[in-house]
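Take a look at the structure below.
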Amino acid sequence: MRNRGQSNKLAQTQIQGLNQLRFLAAMLVFTQHALSNAHLDQWIDIGGWRVGRIGTALFFLLSGFLSARTTRKPLTWLRDRVTFLFPPFWIVTIGGFVLAAATRGKPFDVWQVISQLSGTGYFTHGERMVNVATWFMSPLILLYFAVTLARLVSARSSTVVLIVGLVLVSLTIPSEKATVYCHAATFFVAFGIGLVRDERHTLAAAIAAGFMISMACLQTELRYGALACVLLLLAFPVKREIRLCNHFSKFAYEWFLVHGLCITTISRITASPFVVFVFGAGLSIAAAVALQRSVR
């Protein structure tokens, strides 16, 4: 039987690396969205890698890994996740619709409002979403339901089936349509890593990285998940504290919700890339902190 004190110590040593990965993911996503709003899309791709997609892969990887670390019962965990995610999401989404209506930036109807508030907006409206940067909520909620079902049935067996199924699906469709399936595969690969004992996380992450790298040879979109697994492997032994990353982790979710609206707002005032980056970042942090304090 695993020693609880040893388990807690190992878990604590992982926190620094995970917080730093979370911060890296946020900065990569922000960079892509800021570049796009500053009309510098030619800088989004570096050597064939889309910077924001690396950040998104890290986001789903961390979500999957941390989903396996809970000791709560599956339905209790799902309830807690839903009650954590939706209140700030509703506030930001309603604000997005108000802003879109006031500026006539994007047309929308009642069905779109209902769909986005329920968390299914990406599946029903895709790129036509208001505050499209919150698209991740739709697959994330679906993945959380899948995790809950897997834990109710058999977490390990279900995870293997889901990973194989998602990878096979991604192999049968064009790369430009496989992104969400690849992120879902990354989520469950990380969930599988989180299911093993703490002292075996490094080995599990190495095996997962090898698997994802081999699959990326067949489906190029899986290279983002492969890179995310490699970065997770490197993050596990990190013990050095970076206070900025630890502090950011407290309002990281709220930041992911608000940064798109903040960048868009700044870019409507000026097209200067420097101003979009600096003031977009500042406004995003201020809005995220305000949202986190008002809701939590």
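The values are calculated or read from the model by the stated rules, or taken from the named source; none is laboratory data. Since we're looking at a predicted model, the values are computed, not measured. Virtual Cβ from ideal backbone geometry, glycine too; neighbours counted across all protein chains shown. Surface accessibility is based on the protein's heavy atoms, side chains included, excluding ligands, DNA and RNA. Shrake-Rupley method; radii C 1.70, N 1.55, O 1.52, S 1.80 Å.
Quick notes on this one:
- The stretch 63-102: number of residues that are open to solvent by less than 50 Å² (accessible area, probe 1.4 Å), hydrophobic (A, V, I, L, M, F, W, C), within 28 Å of residue 155 (Cβ to Cβ) and not in a loop (DSSP other than H, G, I, E, B): 7
- Condition met for residue 119 (over 19 Å from residue 291 (Cα atoms) and either without any contact (Cβ under 8 Å) to a residue 60 or more places away in the chain or of a type in the set (Asp, Glu) (or both)): no
- Matching residues in the stretch 103-124 - criterion: being of a type outside the set (Phe, Trp, Tyr), at pLDDT 95 or above and surrounded by 12 or more Cβ atoms within 10 Å (Cβ to Cβ): 112, 113, 114, 115, 116, 117, 118, 119, 120, 121, 124
- Residues in the stretch 125-156 that are farther than 30 Å from residue 105 by Cβ and open to solvent by 70 Å² or more (accessible area, probe 1.4 Å): 145, 149, 152, 153, 156.
Conditions tested, residue by residue: (1) within 27 Å of residue 112 (Cα to Cα); (2) touching a residue at least 60 places away in the same chain (Cβ under 8 Å); (3) of a type outside the set (A, V, I, L, M, F, W, C).
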{"site": "62", "(1), (2), (3)": "no, yes, no"}
{"site": "70", "(1), (2), (3)": "no, no, yes"}
{"site": "76", "(1), (2), (3)": "no, no, yes"}
{"site": "80", "(1), (2), (3)": "yes, no, yes"}
{"site": "94", "(1), (2), (3)": "yes, no, no"}
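- The single residue among 20, 42, 12, 6 that is in a helix (DSSP H, G or I) and modelled with pLDDT of 95 or more turns out to be 20.
- Candidates are the residues of the stretch 150-169 that are free of Cβ contacts under 8 Å to residues at least 60 places away in the same chain and either under 16 Å from residue 63 (Cβ atoms) or not in a helix (DSSP H, G or I) (or both); the one that is farthest from the chain's Cα centre (by Cα) is 154.
- If you go through the stretch 157-178 and pick out every residue that is surrounded by 19 or more Cβ atoms within 10 Å (Cβ to Cβ) and farther than 19 Å from residue 77 by Cβ, you end up with 5.
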